[in-house]
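> The structure under discussion is supplied below as structure tokens; questions concerning it will follow.
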């Protein structure tokens, strides 16, 4: 294997950094950074998901964490690469209690971006590979219990004779990914799922739904999809996979179970979680409660004048199950983001007369272009052939600090705008209001900043451009009548069905409902970066608020996001929970104050 | 990457062989082989599983197959290795209709062993990796069917409006592995499973059962076990995995379905298969019928005088579900192979008074030693770390011709004998009759030759050595009385339970039962090599009889074996069936005559 200049440069930096870290030499470490520098730490130094931006912030972080972290043994790992003056490469390291991986970008010989990621806790490694359990107990012992008997015993006692350490509300992809990691770490966990079967939250959606992200981005932890899995999985196929996943990962999923109420006792640092399981009340007493109820919170149902008198059917987009009964009927969809487009297309496909009401501008990117110009760089067959496995892709992805991320996305957006110029022209011609983000950074930044404001086009834009889906744009709803929707321009749309594709609130809405409004206010808004762009007010936080990391409420956590985030960030959340269960000190650095309540 | 002498040697041979093959130059090809030489072909040249042993046999094979096969493009692949004068390495090649892989052993610069394996049919490649289906149909189309609707439609029509091309009897690991491969190849298939759920044939066994082979040997095709799977999987865990596998692979498994009768119409080359599905009769008309009913055939139930008068419970080992009801009872187990040992241990564990009746000698190898000295070379974490993936291990394993295989196993047996000398001494001290195979080649050869005569020790041998399980050896059963078993030495064993662990017949017993005794005789005995050793009479066949390859009956196939064999050989069986479905000529070379009927 040829040692390149890039590899030598990374290796030299990592060696120098190791000397500084092992000597607890903060000035020495700072001297290795460029003036413009970012250090993103995923719980290895800070027991938090944090990005220190600039030398003063890095200095503060190291002063607070270096002694207790006891970092050591930084070693460059594998081949580095160089492009446009930026050298990138991998390293491994240890702390007093953990082993980690890192990814480094140098400008010249100074660090521009640094990622440090905890991979495992020493002494609590996953029992995989050479550490796997034996399974059979060779040698014969009277009255030993079989695997099945032990499993059944555990299941029957959990929640009565024994208490879970963690309760997760929601067994969608987020809850299941976290559950699988906690299972491997030996953290007793119960997942509460309102539906009868894992995957039902997918099964119950409208029938043409497919994932909008490609397969390479969507793997669950530990059990990747087979190599013939479709690029964009149909919803029922994903549902079956999740149901199977829960089973073979041996997760304690309580199905047909709703969480009614949760209260936290500060003195004992224990939750009381009241649930209804198959119609019967059960009370659980975990130390930690994780909301994995979907990245979006409760549906935002608007309150337009006159809604109560509408004689047709009206519901929030989250309640839209099937369009088949609306053949030949008139449907009005209020909203113009992902759900609005998907539901308009589903209604049109089923022979309804559909009008979309676009109140504000929307960012459109076709699924194909997003993949071609964006995602495929790290998540694709081509990436795999270049040696970028899912684990590596996740870390490279995570190594881009949020403070720079918009700059990484702008060239992608520019390429997509050129490639799809004709589609954009045709959409504008029918009056569709387009945007590309406040700063032209496109879809992913809108997702991270506000979780809304875009449509990943899988076909509905063509229907709008050619008029199959009718469009009323630049208007709002004035009132609902007995027979339809009156718009702000005075026009009226007759309707048999009104769908309010008006989005979702912050996830702490679930806390308000299940715990208390006070606790929801205490932890504050979930999601968003504080970018001071539309629907993401400042101040700048540098990381998504409250996700996968400690909140202002001990024992209260939020988990979720898309399949990629559910997979990758469940690693850090599971390690944080495991460390607490084992009594490993977890001093949290850099927990931000609450700036927004919802 | 350094090019070694070994790599150069393999490369030179493969180049020369390619010139001979592309020129259809049989003498030129033969000149490249050592006098002692073996060419094992897995359907690439012969549409058969065959081993040509020696130059004359290779010459005959090439004369019959070379023109039609049109082999070309042989290329050395990757690094070769050399040890003890034998150089080994990989190559790829093509034929007129397929792409293949091969593995080569040279002595000096001449070929000692050659493997040619068909990997895929040109034009009918699996839709995996870059070829995977798109899944979502981007663009919106009225009245299109969803994945679920299409799946449900296919399921509802298969067997009525549409006919499967293949019917597989049995949905254990063998049937499921084959079903998964046929699914990928687009061959319409129905699997018939008598039990209510896939995996039930495992669930119904005695509760302490675990796999006797380690996890690395046991993967199913396409979906390897997660990396924390136990070394020796408990039966219920495997059962759950198989049930999940059938589901996510979207196999058409008809559960609670028994095959009642099958007849073959020679004129139309079509089967009529009468099944009872959930209590209702259904008639299927496939072109091919695969028996995947377990490598062993129907139970061999002995007929001892007096059996009818026994007042306790008596059953064949295959009927032994649970030992829990025999606490404090006297149990006699007739037989001394795997099932006999497992059931004796299970009975002892449950507090029964157990006696094993050993009629003839048994080969014992501990599971740990078999792994340490044998299997782990190709199937283990260490092998994986050396780059030997499961696919590679399967081909290296297959590259050892059966004619040499006993020689490869003798050193393993020798090492095990030394390592476990104390156990063997103690077993002999209590009268246990040991053997190591007629030629000292041990367990795997007994498995391939006769499928019996051994116990993979997971603990019962200790119970025999220490007297917990009582032993009567060197005797046969004279008669059964009302209260027990009279042995050939005149002694009598009182019994509340008699288990006949007396083995199984050949798989063609299933053909006799479901089709006709005549057809069973026509295809003859299944399994065994013709090694002219105990219970494997000659003449030498060089491959297992009738397994995974054409039989004397058109449209009739046998599939199964252990998990490794089910995984690997399902590849060749599925390609043979696919080729026939697509009308690709499949001239079979070297189909042996039937020497034994059962």
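The values are calculated or read from the model by the stated rules, or taken from the named source; none is laboratory data. Here the structure is a predicted model, which means the values were calculated and not measured. Note: ideal-geometry Cβ built from the backbone for every residue, glycine included; neighbour counts use all protein chains shown.
> Checking residue B:258 against (1) surrounded by fewer than 19 Cβ atoms within 10 Å (Cβ to Cβ); (2) away from every other protein chain (no Cβ under 14 Å); (3) not in a strand (DSSP E or B), only one condition comes out false. Which one?
(3)
For every residue, the table says whether it meets (1) without any contact (Cβ under 8 Å) to a residue 40 or more places away in the chain; (2) farther than 23 Å from residue A:221 by Cα.
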{"position": "B:184", "(1), (2)": "no, yes"}
{"position": "B:198", "(1), (2)": "no, yes"}
{"position": "B:204", "(1), (2)": "no, yes"}
{"position": "B:213", "(1), (2)": "no, yes"}
{"position": "B:224", "(1), (2)": "no, no"}
{"position": "B:227", "(1), (2)": "yes, no"}
{"position": "B:246", "(1), (2)": "no, no"}
{"position": "B:261", "(1), (2)": "no, yes"}
{"position": "B:266", "(1), (2)": "no, yes"}
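> Can you say whether residue B:198 is touching a helix residue (DSSP H, G or I) at 6+ places or on another chain (Cβ under 6 Å) and not in a helix (DSSP H, G or I), as far as the supplied structure shows? Can you show your working first?
Working: touching a helix residue (DSSP H, G or I) at 6+ places or on another chain (Cβ under 6 Å): yes; not in a helix (DSSP H, G or I): yes.
So residue B:198 passes the test.
> So, one more: Any residue that is touching a helix residue (DSSP H, G or I) at 6+ places or on another chain (Cβ under 7 Å), over 30 Å from residue B:289 (Cβ atoms) and not in a helix (DSSP H, G or I) - is there at least one of those in segment B:443-451?
Scanning segment B:443-451, I find no residue that is touching a helix residue (DSSP H, G or I) at 6+ places or on another chain (Cβ under 7 Å), over 30 Å from residue B:289 (Cβ atoms) and not in a helix (DSSP H, G or I), so the answer is no.
> Moving to a separate point now. So residue A:185 fits all but one of (1) crowded, with 22+ Cβ neighbours inside 10 Å; (2) touching a helix residue (DSSP H, G or I) at 6+ places or on another chain (Cβ under 7 Å); (3) within 24 Å of residue A:125 (Cα to Cα); what number is the exception?
(1) is the only condition that residue A:185 fails.
> Going through segment B:210-230 one residue at a time, which ones are closer than 18 Å to residue B:443 by Cβ and either at the interface with chain A (Cβ under 8 Å from one of its Cβ atoms) or assigned to a loop (DSSP other than H, G, I, E, B) (or both)? First the steps, then the outcome.
From segment B:210-230, those closer than 18 Å to residue B:443 by Cβ are B:210-214, B:216-218; that's our starting set.
Once the filter is applied, which keeps residues that are closer than 18 Å to residue B:443 by Cβ and either at the interface with chain A (Cβ under 8 Å from one of its Cβ atoms) or assigned to a loop (DSSP other than H, G, I, E, B) (or both), segment B:210-230 yields B:210, B:211, B:212, B:213, B:214, B:218.
> OK, next. Looking at segment B:503-519, which of the residues that are in a loop (DSSP other than H, G, I, E, B) and out of contact with any strand residue (DSSP E or B) (no Cβ under 6 Å at 6 or more places or on another chain) is farthest from residue B:316 (Cα to Cα)?
Step one: list which residues in segment B:503-519 are in a loop (DSSP other than H, G, I, E, B), which gives B:503, B:505-507, B:515-516.
Pick out the ones that are also out of contact with any strand residue (DSSP E or B) (no Cβ under 6 Å at 6 or more places or on another chain) and you get B:503, B:505-506, B:516.
On the way: B:503: 9, B:505: 13, B:506: 16, B:516: 24 Å.
Of everything passing the filter in segment B:503-519, B:516 is farthest from residue B:316 (Cα to Cα).
> For segment A:105-148, give me each residue that is at the interface with chain B (Cβ under 7 Å from one of its Cβ atoms), surrounded by 14 or more Cβ atoms within 10 Å (Cβ to Cβ) and not in a loop (DSSP other than H, G, I, E, B).
Matches in segment A:105-148: A:135, A:147, A:148.
> Also, quick follow-up: For the subset of segment A:461-509 comprising residues that are in contact with a helix residue (DSSP H, G or I) (Cβ under 8 Å, 6 or more places away or on another chain) and more than 30 Å from residue A:368 (Cβ to Cβ), which member is surrounded by the most Cβ atoms within 10 Å (Cβ to Cβ)?
Checked segment A:461-509; the qualifying residue surrounded by the most Cβ atoms within 10 Å (Cβ to Cβ) is A:508.
> Something else about it: I need the full set of residues from segment B:341-371 which are touching a residue at least 40 places away in the same chain (Cβ under 8 Å) and under 20 Å from residue B:445 (Cα atoms), in order please.
B:341, B:360, B:361, B:362, B:363, B:364, B:365, B:366, B:367, B:369, B:370, B:371
Conditions tested, residue by residue: (1) in contact (Cβ under 8 Å) with a residue 24 or more places away in the chain; (2) closer than 21 Å to residue B:366 by Cβ; (3) touching a strand residue (DSSP E or B) at 6+ places or on another chain (Cβ under 8 Å).
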residue: B:431; (1), (2), (3): yes, yes, yes
residue: B:442; (1), (2), (3): yes, yes, yes
residue: B:471; (1), (2), (3): yes, yes, yes
residue: B:474; (1), (2), (3): yes, no, yes
residue: B:482; (1), (2), (3): yes, no, no
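> Whether any residue in segment B:58-74 is surrounded by fewer than 21 Cβ atoms within 10 Å (Cβ to Cβ) and farther than 20 Å from residue B:32 by Cα is what I want to check.
yes
> I've got another one for you. Go through the residues of segment A:453-470 one by one and say whether even a single one is outside any strand (DSSP E or B), away from chain B (no Cβ under 14 Å) and within 30 Å of residue A:42 (Cα to Cα). Can you show your working first?
At the first step, the residues of segment A:453-470 found to be outside any strand (DSSP E or B) are A:453, A:458-469.
Filter again for away from chain B (no Cβ under 14 Å), leaving A:453.
So of that shortlist, the ones also within 30 Å of residue A:42 (Cα to Cα) come out as A:453.
Yes, segment A:453-470 has at least one match.
> Can you tell me which of B:506, B:441, B:473, B:491 is at pLDDT below 95, more than 14 Å from chain A (Cβ to nearest Cβ) and on the phi < 0 side of the Ramachandran plot?
Details: B:441 fails: at pLDDT below 95; B:473 fails: at pLDDT below 95; B:491 fails: at pLDDT below 95.
Just one listed residue meets the conditions, B:506.
> So residue A:286 fits all but one of (1) away from chain B (no Cβ under 14 Å); (2) touching a helix residue (DSSP H, G or I) at 6+ places or on another chain (Cβ under 7 Å); (3) buried (at least 22 other Cβ atoms within 10 Å of the Cβ); what number is the exception?
(2)
> Restricting attention to segment B:16-42, and to residues there that are touching a residue at least 40 places away in the same chain (Cβ under 8 Å) and in a helix (DSSP H, G or I), which single residue is nearest to residue B:405 (Cα to Cα)?
Selected residue: B:17.
> Please give the number of the condition residue B:320 fails out of (1) under 21 Å from residue B:176 (Cα atoms); (2) modelled with pLDDT under 95.
(1)
> What number of residues in segment A:75-87 are part of a strand (DSSP E or B) and either surrounded by fewer than 17 Cβ atoms within 10 Å (Cβ to Cβ) or out of contact with any strand residue (DSSP E or B) (no Cβ under 7 Å at 6 or more places or on another chain) (or both)?
Restricting attention to segment A:75-87, the residues satisfying the condition of being part of a strand (DSSP E or B) are A:75-83, A:86-87.
Right, trim to either surrounded by fewer than 17 Cβ atoms within 10 Å (Cβ to Cβ) or out of contact with any strand residue (DSSP E or B) (no Cβ under 7 Å at 6 or more places or on another chain) (or both) and you get A:75, A:78-79, A:81-83, A:86.
Number satisfying all stated conditions: 7.
> Which condition breaks for residue B:170 when tested against (1) more than 14 Å from chain A (Cβ to nearest Cβ); (2) over 19 Å from the mean Cα position of the chain (by Cα); (3) in contact (Cβ under 8 Å) with a residue 24 or more places away in the chain?
Unmet for residue B:170, out of (1) more than 14 Å from chain A (Cβ to nearest Cβ); (2) over 19 Å from the mean Cα position of the chain (by Cα); (3) in contact (Cβ under 8 Å) with a residue 24 or more places away in the chain: (2).
> A further question on this structure: Among the residues of segment B:334-352, which ones are over 13 Å from residue B:460 (Cα atoms) and surrounded by 20 or more Cβ atoms within 10 Å (Cβ to Cβ)? Break it down into steps so the answer makes sense when it comes.
Filtering segment B:334-352 down to residues over 13 Å from residue B:460 (Cα atoms) leaves B:334-335, B:350-352.
Correct list: B:334, B:335, B:350, B:352.
> Looking at this structure, is residue B:187 assigned to a strand (DSSP E or B) and more than 9 Å from chain A (Cβ to nearest Cβ)? If you could, list the steps in order and put the result at the bottom.
Numbers: assigned to a strand (DSSP E or B): no; more than 9 Å from chain A (Cβ to nearest Cβ): yes.
The answer is no for residue B:187.
> I need a count of the residues in segment B:345-370 that are touching a strand residue (DSSP E or B) at 6+ places or on another chain (Cβ under 8 Å), farther than 20 Å from residue B:213 by Cα and within 14 Å of another protein chain (Cβ to nearest Cβ).
Here is the first cut: in segment B:345-370, the ones touching a strand residue (DSSP E or B) at 6+ places or on another chain (Cβ under 8 Å) are B:347-348, B:352-359, B:361-367, B:370.
From the residues that got through so far, the ones that are farther than 20 Å from residue B:213 by Cα too are B:347-348, B:352-359, B:361.
Narrowing further to those that are within 14 Å of another protein chain (Cβ to nearest Cβ): B:347-348, B:352-354, B:356.
The number of residues fulfilling the criteria is 6.
> Scan B:430, B:333, B:413, B:357 and give me the residue that is out of contact with any helix residue (DSSP H, G or I) (no Cβ under 8 Å at 6 or more places or on another chain) and either modelled with pLDDT under 95 or farther than 23 Å from residue B:229 by Cβ (or both). Working first, answer last.
Working: B:430 fails: out of contact with any helix residue (DSSP H, G or I) (no Cβ under 8 Å at 6 or more places or on another chain); B:333 fails: out of contact with any helix residue (DSSP H, G or I) (no Cβ under 8 Å at 6 or more places or on another chain); B:413 fails: out of contact with any helix residue (DSSP H, G or I) (no Cβ under 8 Å at 6 or more places or on another chain).
Step by step, each of B:430, B:333, B:413, B:357 is checked, and only B:357 is out of contact with any helix residue (DSSP H, G or I) (no Cβ under 8 Å at 6 or more places or on another chain) and either modelled with pLDDT under 95 or farther than 23 Å from residue B:229 by Cβ (or both).
> Taking residue A:233 as meeting all but one of (1) touching a residue at least 24 places away in the same chain (Cβ under 8 Å); (2) surrounded by 21 or more Cβ atoms within 10 Å (Cβ to Cβ), write down the number of the exception.
For residue A:233, the exception is condition (1).
> Examine segment A:151-160 for a residue that is more than 13 Å from chain B (Cβ to nearest Cβ), at pLDDT below 95 and either part of a loop (DSSP other than H, G, I, E, B) or within 30 Å of residue A:52 (Cα to Cα) (or both), and state whether such a residue exists.
yes
> Answer with yes or no whether residue B:522 is over 18 Å from the mean Cα position of the chain (by Cα), assigned to a helix (DSSP H, G or I) and within 30 Å of residue B:389 (Cα to Cα).
Working: over 18 Å from the mean Cα position of the chain (by Cα): yes; assigned to a helix (DSSP H, G or I): yes; within 30 Å of residue B:389 (Cα to Cα): no.
So residue B:522 fails the test.
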